[in-house]
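In what follows, a structure is listed as structure tokens, so that the remarks can point back to it.
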Amino acid sequence: MSLVERIAQQRLDKLTELRSRGIDPYPPRCKRSHTNAEAVALLLKQEQESIEPVEVSVAGRVIANRDIGKLAFINLADGSGKIQLFINKSLLSPDSSALLKDLDIGDFIGASGKVIRTRTGEPSIGAGEITLLSKSLQPLPEKWHGLQDTEKRYRQRYVDLIANPEVKEIFRKRSRVVTGIRSYLDSHDFLEVETPVLQPSAGGALARPFITHHNALDCDFYLRIALELHLKRLIVGGFDGVYEIGRVFRNEGIDTKHNPEFTMMECYKAYADYNDIMRLVENMISTVVKDVAGDYKIPFGDDILDFTPPWKRIDLRQAVIDMAGIDYDKFPDTASLAAEMRGKGIQFDPSRDRGRLIDDLLSTFVEPTLKNPTFMVNYPIDMSPLAKNRPGDAHTVERFEAYAGCMEIANAFSELNDPEEQERRFAGQLSNRSQGACSARDEETETIDEDFITALEYGMPPTGGLGVGIDRLVMLITNQQSIREVILFPALKEKE
RNA sequence: GGGCCGCUAGCUCAAUUGGCAGAGCAACUGACUCUUAAUCAGUAGGUUUCGGGUUCGAGUCCCGGGCGGCUCACCA
């Protein structure tokens, strides 16, 4: 018998013994008048106002049990925090005494008694009665080091959360980030909507989708890779401001900044342009950072990032000239830009088109310098098929991306609303791909979303749109270097 | 997909040139009326990630598999 089986057997034996004494180890209800935090607050109130201690009932998980002869000290944790139980064994009922004898770390118990302070000042419940609420059969990780094993932390996040309280704090903050964004948008005339996850074609971004099958319809569906095209349909339909916070799925590599499923917030505002959206991003993100992290200035890795508005604005073309020494406007096609990059000794994949080459220059030379929040503005049309041209400039679109901590955190543009132009851009993408420009990735979107073009034909007002990667924003606010630390159950291969 | 690294008791970690697999916590038995990483005495606990190989002898060396981490590639 293995050790863990033996421990489980010991605890199962205790279970049998409890039942034989007529005690239900998994009772349906418990007596609870205060959370642990409320009980501690009550103690302070008693002390300040010299009120007689009153009887309270608390409940929680046993996380430490110090047995000192005729006394016992138990640390009890619930969602609000910890409180100590101070037990004088001679004052316990027989049932409580028997339970105390068989108590294991990890068990849930309830305790009743007066809120007091021990001689060393520790807020405690002077417990006269304890009852079992749920028996634990698995040994917990040790209290000093917690659970360190990364794989186990992700696979069994519930154990991680029990053993490492700081992990809980990350996910509390994540929840506040989402709530903060939602309430900001709600108060700025945006309507929260839900659009399909399962789609006949996956558009709105260029990424390899997951494919699944619907049995009754006998057809394949794609899991969405972006929210964009459906939300813009709703602008066509006459909602002047819409947003969605939802999961999107991309069948790509996994690393510290990418999980196959992640959370995007996209919002669209009719009668707005990318300058309006830039103000919105600056305002919304800095507000959320201050609310959740407590300051506009937050630590991230070795740096302090300052989200105080206004953020720096950098022209993309100028940034690439400054950092890479290449003015891509002077190289209007793929071949000439590739030749220039080759001449400068820059390595790149020869099958890439001009937009991707510019993206290479951006991510290699510019992105690593973008620590403080920065707007990169005015993107080349080659890498922006859904954005509207700058007036009088056939090569540049009204688009920006927001960077912080050397990561892209937001992407926005004045939405292209000319249906013919949109169809040409889609067709251009398709022909690029069929010419083998991206032959290795031809499983990417290979169909045009015809209905989206039709929607634009009905007329979409001038519209500003935005996408924000929620996971990366949470990484920044919680100072985490891996996206898995801000996703409760990150994608892992099944073991065995 | 490539490169590098890791996997030893439930948890956190040791183990010298290839030479008897160990400690702390957790568990079990006992002592203890103010502990909070309680303390003290004792007990038990191992397919060293899996499968091969070399060797008198493998946690350690070699080959292959699994899972994970970092990194590169990929990633509008």
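A few points about this structure:
- Once divided by 2.2 N^0.38 Å, the Cα radius of gyration of chain A becomes 1.26.
- Basic side chains Lys and Arg get +1 at the Cβ, acidic Asp and Glu get -1 at the Cβ, and with that the dipole of chain A about its Cα centre reaches some 2460 debye.
- Residues listed by number, region A:375-392, amide nitrogen under 17 Å from A:Ser431 label point at 7 Å toward C-beta: A:382-383, A:385
- In chain A, taking the dipole from charged Cβ atoms about the Cα centre, the farthest positive-side position among A:Ser96, A:Val468, A:Ala293 is held by A:Ser96.
- Taken as Cα centroids, region A:226-300 and region A:306-383 sit 23 Å apart, rounded to the nearest whole angstrom.
- Residue range of chain A that is longest and free of trypsin sites (Lys or Arg not before Pro) which are both DSSP loop and sparsely packed (at most 12 other C-beta within 10 Å): A:144-343
- Dmax and Rg, reported as Rg then Dmax, of region A:26-150 (C-alpha, Å): 14.5, 49
- Listed cross-link partners A:Lys143/A:Lys290; A:Lys168/A:Lys290; A:Lys330/A:Lys388 are compared with a 25 Å cut-off, the Cα-Cα value being larger for A:Lys143/A:Lys290.
- Relative intensity, log₁₀ I(q)/I(0), of region A:90-212 from a Debye sum that treats every alpha carbon as a point, q = 0.12 Å⁻¹: -0.83
- The alpha carbons of region A:150-276 occupy a box of 50, 42, 27 Å along the principal axes, longest dimension given first.
- Convex hull projection area averaged over all views, region A:273-369, Cα basis, nm²: 8.1
- Counting only Cα atoms, region A:241-285 measures 37, 19, 14 Å along its principal axes, largest extent leading.
- The smallest convex shape that holds all Cα atoms of region A:74-123, its convex hull, gives 97 Å³ per residue.
- A:Ala37-A:Ala98 pseudo-label distance in nm [points 7 Å out on the Cα-to-Cβ vector]: 3.7
Since every read-out is calculated from the coordinates, none of them should be taken as a lab result. Fair warning: this is a prediction, and the values are worked out from it, not measured in the lab. Glycine gets a Cβ as well: all are built from the backbone with ideal geometry, and neighbour counts include every protein chain shown.
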